[in-house]
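The next block holds one structure in the form of structure tokens; read it before the comments.
The values are calculated or read from the model by the stated rules, or taken from the named source; none is laboratory data. All of these numbers come straight from a predicted model, not from anything done at the bench. Every residue, glycine among them, receives a Cβ derived from its backbone with ideal geometry; neighbour counts consider all protein chains shown. In case anyone asks, the SASA skips ligands and DNA or RNA and just uses the protein heavy atoms, side chains included. Shrake-Rupley method; radii C 1.70, N 1.55, O 1.52, S 1.80 Å.
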Amino acid sequence: MDRLYEIMFIVNPNLADEEVDKLIAQFETTVTSTHGEAQKVEKLGKRRLAYRVGRFWEGNYVLFTVKGGGDTVKELERRLKVTDAVLKYLTVRVDEDLKRLEKMKTKRAARAARKPARHAPPPASPPAPAAAPEPAPEVSPPEPGTPASS
């Protein structure tokens, strides 16, 4: 039975992009050789780690979305474990979550269809144009020789 998995792994930050691409290609061939399918490969780039892993504070993150059986995931995890360039990895099965999400969407749509449509409030009238500011009264300077008023 084919299931959907997301595999996130962190690669040594000192590797060049070409080496990271070569590593990803090796993992893709591992997946296809075990009768799986690499649906999506997403390079998330270099990011800071939450804590030091080995002697690294940064790592290149890669997200694989794989469709396959348990043998596919088991072999891919074994290869991730023995590859020196991979610092950490995590595999999560997401097909159950997607089924649950789809079920909730259909329930929500059915509930929305049962409820009578709410009437939208009438459109607001256009705002009144702002009045032009009144000019300030002109104050003439005091004439010479007269005392200034306070």
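Brief remarks on what is shown
- Pairs, first among the aromatic types (F, W, Y) in segment 70-97, second open to solvent by less than 90 Å² (accessible area, probe 1.4 Å) and assigned to a helix (DSSP H, G or I), C-beta under 6 Å, six or more apart: Y89/L80
- Selection count where residues are in contact with a helix residue (DSSP H, G or I) (Cβ under 7 Å, 6 or more places away or on another chain) and open to solvent by 50 Å² or more (accessible area, probe 1.4 Å), scope segment 22-34: 0
- Given (1) part of a loop (DSSP other than H, G, I, E, B); (2) over 24 Å from the mean Cα position of the chain (by Cα); (3) free of Cβ contacts under 8 Å to residues at least 60 places away in the same chain, number of the condition R111 does not satisfy: (1)
- Verdict on A25 being of a type in the set (A, V, I, L, M) and assigned to a helix (DSSP H, G or I): yes
- Test: residue in segment 100-123 that is polar (S, T, N, Q) and modelled with pLDDT of 70 or more: yes
- Residues satisfying the stated conditions in segment 71-88, i.e. within 13 Å of T30 (Cβ to Cβ) and not acidic (D, E): T72, V73, K74, L76, R78, R79, L80, K81, V82, T83, V86
- Selection count where residues are free of Cβ contacts under 8 Å to residues at least 24 places away in the same chain and of a type in the set (V, I, T), scope segment 16-40: 2
- Test result for L44, without any contact (Cβ under 8 Å) to a residue 40 or more places away in the chain, more than 14 Å from V66 (Cβ to Cβ) and in contact with a Gly (Cβ under 8 Å, 6 or more places away or on another chain): no
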